[in-house]
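Undergrad: Dropping the structure in here first, questions after.
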Amino acid sequence: MDYMGFQSGNTWWEKDVPGVQLAYKLYKKRGEVPTYTYTLAVGGCMVWEQAVRNALKKVGYEGLNGPAIFDGYMGIKNFTAQGIFKEVTYTKDDLRGCRWLKICKFNKDGSSLSNVTDYMPAPWNLKLKAEMEKK
């Protein structure tokens, strides 16, 4: 029997993705293959960097603070982190960022990992959605 799960981005076995190639390059001193979480963390850092860049363009270094960085996140639209994510978009009504998931399969014997589906819209966590709608 295989194990299945969701993933929100392309990860270590998808070596043709530029962002995954970057994760390999950054991970090289630690080992041959970056972990699943490492690859997605590289993408997350790229999203954060884009938010800071957006904020710096708007307020400059002297005006850089938490609210400016939040506004920088709001300026992120269809950002892919060099293909690690399908697209990341923030709006005041939807702070999830990544709105896409795909199902992957991991063979029980550890022989392979593969995608079962292409990206599909990620369902809302109903509690989070209710909290967002209150604002």
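Undergrad: Considering amide H positions built from the backbone, and no H for Pro or chain starts, which residues 5 or more places from A122, or on another chain, come under 5 Å of its amide H?
TA: Under 5 Å from the amide H of A122 lie the amide H atoms of W100, L101, each far enough along the sequence or on another chain.
Undergrad: Simple spin-label model, 7 Å along Cα-to-Cβ: K108 to D2 in nm?
TA: Reported label-point gap for K108 and D2 is 1.4 nm.
Undergrad: Ranked from highest to lowest mean number of other Cβ atoms within 10 Å per residue, what is the order of the peptides 120-132, 90-102?
TA: Packing proxy ranking, top to bottom: 90-102, 120-132.
Undergrad: Related question: So who's got an amide H within less than 5 Å of the one on F85, skipping anything under 5 residues away but keeping other chains? H placed 1.01 Å off N, in plane.
TA: N10
Undergrad: What pairs from K58/K92; K28/K77; K57/K92 go past 26 Å between their alpha carbons?
TA: K28/K77
Undergrad: Once you charge only the Cβ atoms, +1 for Lys and Arg and -1 for Asp and Glu, what is the size of the charge dipole of the chain about its Cα centre, to the nearest 20 debye? Before the final figure, lay out each step's value.
TA: Numbers: 20 positive and 14 negative charges, 36 e Å.
The dipole of the chain has a size of about 180 debye.
Undergrad: With θ set to phi - 60°, apply the Karplus curve 6.51 cos²θ - 1.76 cosθ + 1.60 along the range 87-103 and write out the HN-Hα couplings as whole Hz, x wherever there is a Gly or Pro.
TA: Listing the rounded values in order: 6, 10, 9, 10, 9, 5, 8, 8, 9, 5, x, 7, 10, 10, 9, 9, 9 Hz.
Undergrad: While we're looking at this one, here's another question. Could you give the length gained on full extension between L126 and K77, defined as 0.36 nm per residue of separation minus the Cα-Cα distance, in nm?
TA: In short, 15.3 nm is gained.
Undergrad: Compute the orientation-averaged projected area for the range 1-65 from the convex hull of its Cα atoms and round it to one decimal in nm².
TA: 6.5
Undergrad: Does a label point 7 Å from the Cα of V33, set along Cα-to-beta-carbon, have any residues of the range 70-94 with amide nitrogen under 13 Å, and which are they?
TA: Answer for this model: none.
Bear in mind that the values in this text are calculations on the coordinates, not laboratory data. Bear in mind that the values here come from a model prediction, so they are computed numbers and not experimental data. Virtual Cβ from ideal backbone geometry, glycine too; neighbours counted across all protein chains shown.
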